[in-house]
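Read-outs throughout are calculated quantities, based only on the coordinates presented, and are distinct from any laboratory measurement. Quick caveat: nothing in here was measured; it's all calculated off a predicted structure. In this analysis, Cβ positions are derived from the backbone assuming ideal geometry, glycine residues included, and neighbour counts consider all displayed protein chains.
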Amino acid sequence: MENTETEEIIQPDVTTDLMLGETGEFKVYLVFNNEKAEGKHKFEFNAKLGGIKQENWNKYFKCALDNETGVFTIKNLKQCNRGVVNVELRCVDE
């Protein structure tokens, strides 16, 4: 698997499907209220891997959200061409 960084952008409070394919690492940038979310808001995420049983998700991918930079990262741990990660991000500002 090759490592690839993308310039894709995802909008919180909208569910987004990301194809893993053969990408080793997949990064997307959060946009909230039409601007990059870099440290201005706090977000939580829920990620599901379609076609794989929930108890096996951590064998296939690892997700991380950096609220300071507004970057959401998915690491593809196993080559899984059928893998579609369904990502739901929510703004949880207090």
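Between Glu25 and Glu55, what is 0.36 nm times their sequence separation minus the Cα-Cα distance? Round to one decimal in nm. Mind dumping the intermediate values first?
On the way: separation 30, 0.36 × 30 = 10.80 nm, distance 2.14 nm.
Net length gain for the segment: 8.7 nm.
Close amide H pairs (under 5 Å, H built 1.01 Å from N) link Gly70 with Gly39, residues at least 5 positions away or on another chain. Bridging of Lys36 to lysines at a Cα separation below 22 Å is possible for Lys27, Lys75, once same-chain residues fewer than 8 apart are set aside.
Could you list Phe61, Phe72 so that the one with the fewest beta carbons within 10 Å of its beta carbon is first and the one with the most is last? Provide the component values of the computation, followed by the final result.
Numbers: Phe61 20, Phe72 26.
Fewest to most other Cβ atoms nearby, the residues stand as Phe61, Phe72.
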